[in-house]
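The values are calculated or read from the model by the stated rules, or taken from the named source; none is laboratory data. In this text the structure is predicted, and so the values were computed from the model without any measurement. FYI the Cβ positions are ideal-geometry reconstructions off the backbone, even for glycines, and counts take in every protein chain you see. Note: areas computed on protein heavy atoms with side chains; ligands, DNA, RNA excluded. Shrake-Rupley method; radii C 1.70, N 1.55, O 1.52, S 1.80 Å.
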Amino acid sequence: MIEVTRPAIAEHPFLRGMTPGHLDALAQAGTDVCFPAGYRIFEDGGFAGKFWLIQSGRVALDMCVPGEGRVIIDTVGMGELLGCSWLFPPYRWAFGAVCAGPLEAFEFDAAAVRAGCAADPLFRFELTGRLLRVLARRLQSTRARLIARSVAGGADSAPADE
């Protein structure tokens with residue numbers, strides 16, 4: 001693992017425009033990591049003790065569906081945030097994550113970042129706002145996929161008359 005610097009993380013789209021002091025706080029909690037294809041980064045229901053900013057590669061988000069096994073529900077790639085459950089109790093992953101190919105990312109210690117947020121309300125506000133924008137985009141994307149699936153399903157997906 002390689003130490004993370006402010007200039008390195010300042011270029012990541014998730015952090016672009018963040019104040020130097022807040023970038024320094026994040027850099028102190030971060031490392032540069034690489035994972036091979038097929039590596040499971042975290043498991044649905046596991047403790048959310050880290051989060052990642054992807055520099056290259058893609059991650060498949062999955063969940064276990066009874067009777068079907070693991071089902072990929074989304075992908076996250078270069079320039080995106082991986083992991084949203086680390087900031088809000090109970091700090092448990094809502095999905096699993098596996099590398100679709102080789103991955104390079106900045107990895108952050110969630111407890112250290114939460115401590116920084118507790119000490120600096122502006123830092124918490126900044127991170128929470130960025131995280132909420134990510135969640136809103138992903139929710140809209142999921143909505144669009146569900147609508148497309150419903151339209152593609154035709155009459156089979158329409159509710160029955162009561």
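Tell me, please, whether a residue that is open to solvent by 30 Å² or more (accessible area, probe 1.4 Å) and under 28 Å from F123 (Cβ atoms) can be found in segment 59-72. If you could, list the steps in order and put the result at the bottom.
First, the residues of segment 59-72 that are open to solvent by 30 Å² or more (accessible area, probe 1.4 Å): 63-72.
From the residues that got through so far, the ones that are under 28 Å from F123 (Cβ atoms) too are none.
No, segment 59-72 contains no residue that is open to solvent by 30 Å² or more (accessible area, probe 1.4 Å) and under 28 Å from F123 (Cβ atoms).
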* **Residues satisfying the stated conditions in segment 113-145, i.e. loosely packed, with under 11 Cβ neighbours inside 10 Å and at pLDDT below 95** => G129, A136, L139, Q140, R143, A144
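Tell me the residue from A37, A29 that is open to solvent by less than 30 Å² (accessible area, probe 1.4 Å) and modelled with pLDDT of 95 or more, please. Steps first, answer last, please.
Values: A37 fails: open to solvent by less than 30 Å² (accessible area, probe 1.4 Å).
The match here is A29.
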* Filtered residues of segment 73-93 (kept if at pLDDT 90 or above, of a type in the set (A, V, I, L, M) and not in a loop (DSSP other than H, G, I, E, B)) -> V76, L81, L82
* Asked: Do the conditions hold for T75, that is, is it among the polar types (S, T, N, Q) and over 15 Å from A97 (Cα atoms)?
  -> no
* **Residues satisfying the stated conditions in segment 14-47, i.e. of a type in the set (S, T, Y) and closer than 21 Å to T128 by Cβ** => T19
* Within the set of pairs 6+ apart or on separate chains, which have a first residue in segment 26-47 that is touching a residue at least 40 places away in the same chain (Cβ under 8 Å), a second that is small (G, A, S) and assigned to a helix (DSSP H, G or I), and C-beta atoms under 8 Å apart? -> L26/G116; Q28/A112; A29/A112; A29/G116; D32/A8
* **Selection status of A110, at pLDDT 95 or above, crowded, with 16+ Cβ neighbours inside 10 Å and over 12 Å from the mean Cα position of the chain (by Cα)** => yes
* Asked: When segment 1-26 is examined, which residues are found to be open to solvent by 40 Å² or more (accessible area, probe 1.4 Å), under 17 Å from M78 (Cβ atoms) and aliphatic (A, V, I, L, M)?
  -> A8
* Structure fact -> Of G153, G116, the only residue that is assigned to a helix (DSSP H, G or I), over 12 Å from the mean Cα position of the chain (by Cα) and closer than 22 Å to I2 by Cα is G116
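With G79, G96, G83 as the choices, which residue is under 14 Å from the mean Cα position of the chain (by Cα), under 23 Å from A10 (Cβ atoms) and surrounded by 19 or more Cβ atoms within 10 Å (Cβ to Cβ)? Steps first, answer last, please.
Numbers: G79 fails: surrounded by 19 or more Cβ atoms within 10 Å (Cβ to Cβ); G96 fails: under 23 Å from A10 (Cβ atoms).
Only one candidate qualifies: G83.
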* Qualifying positions in segment 1-14 - in a loop (DSSP other than H, G, I, E, B) and in contact with a strand residue (DSSP E or B) (Cβ under 7 Å, 6 or more places away or on another chain) -> M1, V4, H12, F14
* Structure fact -> Taking segment 22-72 and keeping residues in a loop (DSSP other than H, G, I, E, B) and in contact with a helix residue (DSSP H, G or I) (Cβ under 6 Å, 6 or more places away or on another chain) leaves A29, G49
